[in-house]
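A quick write-up on the structure given underneath.
The values are calculated or read from the model by the stated rules, or taken from the named source; none is laboratory data. In this text the structure is predicted, and so the values were computed from the model without any measurement. Glycine gets a Cβ as well: all are built from the backbone with ideal geometry, and neighbour counts include every protein chain shown.
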Amino acid sequence: MNTKKTKILKINPEKPEESIIKEAAQIIKNGGLVIFPTDTVYGLGANALLPEAVKRIYEIKKRSSNKPIILLLARKNDVKKLGVMISSSAKALMSKFWPGPLTLIFKTQEGTIGLRMPKNKIALELIKKAGIPVATTSANISGKKSVLTASGAIRQLKGKVDLIIDAGKSKLGIESTIVDVTVSPPKILREGYISKKTIWKVLND
């Protein structure tokens, strides 16, 4: 794969500079790839509406094509726009853990989709400014550990993405918990930052 020039920009995690957010959002809208911080680990994002952009994520990560990529949202109401079926269990989990380190698998007319609303100012502002669903996965080569800093992402993916936003270390440092809410009772597919016990406590209340 051709090496490209990767721009690296430092950003204030508490008061993200609007100019940097706008630049990153425009790159994503135009089909480019951006690495940015989330509350869990650093993410690699692309325009979910452009198949070629999503395909590039798979290529540069060396990710298996049968592994789905989640979409990050900036508002809870955006879930309805995607036409997914929202069960009472899903509503309870969204109410308790969004924004936060929880990915939910929903049923759609075409199949299933994974959605998450991160608790991170930079990520949320970027998604809002982009104005489109952002397809996201961890910013690392498949099989390697997820990265918690921009420098970790630089070591693995510099020259393969358009922009890396550096906001210091990710706050939580552990991937999101993934829960399948297409089935009843819901099924925990991956235990991440939120424990199984905590998930079941909410579902059983």
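In segment 90-114, how many residues are surrounded by 19 or more Cβ atoms within 10 Å (Cβ to Cβ) and assigned to a helix (DSSP H, G or I)? Result for segment 90-114: 4. If the condition is being under 15 Å from the mean Cα position of the chain (by Cα) and small (Gly, Ala, Ser), then segment 54-100 contributes 74, 100. One residue stands out among those in segment 115-162 that are at pLDDT below 95 and in contact with a Leu (Cβ under 9 Å, 6 or more places away or on another chain): the one that is surrounded by the most Cβ atoms within 10 Å (Cβ to Cβ), which is 133.
Pick out the one residue from 77, 30, 12 that is over 14 Å from residue 118 (Cβ atoms), modelled with pLDDT under 95, surrounded by fewer than 22 Cβ atoms within 10 Å (Cβ to Cβ) and not small (Gly, Ala, Ser). Don't jump to the end; show me each part of the working.
Values: 30 fails: modelled with pLDDT under 95; 12 fails: modelled with pLDDT under 95.
Among 77, 30, 12, only 77 is over 14 Å from residue 118 (Cβ atoms), modelled with pLDDT under 95, surrounded by fewer than 22 Cβ atoms within 10 Å (Cβ to Cβ) and not small (Gly, Ala, Ser).
Here residue 87 fulfils each of the conditions (1) surrounded by 19 or more Cβ atoms within 10 Å (Cβ to Cβ); (2) at negative phi apart from (1). Return a yes/no flag: does segment 165-183 have any residue that is under 24 Å from residue 85 (Cα atoms), touching a strand residue (DSSP E or B) at 6+ places or on another chain (Cβ under 6 Å), surrounded by fewer than 17 Cβ atoms within 10 Å (Cβ to Cβ) and without any contact (Cβ under 8 Å) to a residue 60 or more places away in the chain. No, segment 165-183 has no match at all.
For segment 194-205, which positions are surrounded by fewer than 19 Cβ atoms within 10 Å (Cβ to Cβ) and either part of a strand (DSSP E or B) or modelled with pLDDT of 95 or more (or both)? Spell out how you get there, then give the answer.
First, pick out the residues of segment 194-205 that are surrounded by fewer than 19 Cβ atoms within 10 Å (Cβ to Cβ): 195-198, 200-205.
Once the filter is applied, which keeps residues that are surrounded by fewer than 19 Cβ atoms within 10 Å (Cβ to Cβ) and either part of a strand (DSSP E or B) or modelled with pLDDT of 95 or more (or both), segment 194-205 yields 195, 196, 197, 198, 200, 201, 202, 203.
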